[in-house]
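Inspection log for the structure reproduced underneath, given as structure tokens.
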């Protein structure tokens with residue numbers, strides 16, 4: 001062994017040990033840690049629609065852990081992890097037409113979304129279960145994981161717990177951009193995501209098997225956005241509602257008219273719209289005598 005080779009090995013052994021320790025420590029932490037929620041009776045999950053339309057403070061015991069752009073794949077992984085140490089009475093899940101669009105599949109391959117999705121999901125992911133149906137950018141995945149677990153030891157790896165947030169702002173002028181983003185790529189219609197639907201099925205089955213009351217909800221969206229959702233998406237959405245109606249509670253207010261001042265933008269409510277919609281959801285549950293083990297209403 002030459003002197004240069006010995007010196008190179010000596011030089012390399014310290015970073016190898018350093019990074020190896022960090023990776024081992026961090027993997028152990030997230031594999032053996034449980035999620036501590038606030039003894040919550042109701043969990044609110046999904047993407048930015050439920051995140052911004054359901055104010056948990058209006059319920060007796062609710063926590064909104066939704067996050068922007070969350071696909072059902074991630075919601076399912078997230079729910080499986082959560083119920084290892086928490087069992088809510090009720091799950092309220094966003095269920096809107098855009099949730100079944102194939103644009104959700106792009107979130108695992110398009111750099112505009114994938115790095116953030118991988119950052120949230122690396123402690124709970126099962127990418128092998130989806131990579132035969134959709135493209136997964138594994139280079140971006142491993143790059144993201146390396147950044148998260150390679151450089152220093154840390155205890156916080158659960159970046160998939162969101163929270164309710166909103167404002168009184170309102171701007172309805174950009175509905176065309178939202179339609180294009182949710183349903184089209186390069187001016188071609190994206191169609192329905194089989195992966196999203198299969199994971200929606202898995203969420204329904206998991207809740208049924210665990211005795212969790214599942215409520216699928218869709219908040220009102222503005223007419224400009226609603227009228228431009230592709231027909232194929234709306235038809236599939238209607239079929240899915242019929243498929244699930246005997247197994248879950250469905251509160252579909254997609255077509256309900258709200259004043260323009262109650263929208264943040266064409267498909268999200270602002271804080272005033274959110275308070276109105278949250279109270280309507282609570283009223284629906286009361287009127288239909290939906291009861292959980294604990295009182296869930298103020």
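Where a number appears in this text, it was derived from the coordinates with a stated rule and is not lab data. Only a predicted model underlies this, so the values are computations on that prediction, with no experimental measurement involved. With ideal geometry, Cβ positions are generated from the backbone for all residues, glycine too; neighbour counts draw on all protein chains shown.
Some values worked out for this structure:
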read-out: Helix-only mean residue ellipticity at 222 nm for the chain, each DSSP H run of n ≥ 4 adding -39500 (n - 2.57), per residue, nearest 500; value: -13500 deg cm²/dmol
read-out: The stretch 130-200 - convex hull of the alpha-carbon atoms, volume per residue in Å³; value: 201
read-out: Order by protection proxy (mean Cβ within 10 Å, highest first), peptides 166-174, 57-65, 221-229, 203-211; value: 57-65, 221-229, 203-211, 166-174
read-out: In degrees, nearest ten, helix 3-32 long axis to first principal axis of the chain (Cα); value: 30
read-out: Over the stretch 147-298 - Rg/Rh using Cα atoms and the Kirkwood inverse-distance radius; value: 1.01
read-out: Helix 271-287 axis, angle to the chain major axis (alpha carbon atoms, nearest 10°); value: 70
read-out: Principal axis dimensions, the stretch 33-287 - Cα atoms, whole angstrom, descending; value: 50, 46, 36
read-out: Per residue, the convex hull volume that the Cα atoms of the stretch 31-118 enclose (Å³); value: 100
read-out: Spatial separation of Cα centroids for the stretch 78-113 and the stretch 241-291, in angstrom; value: 18
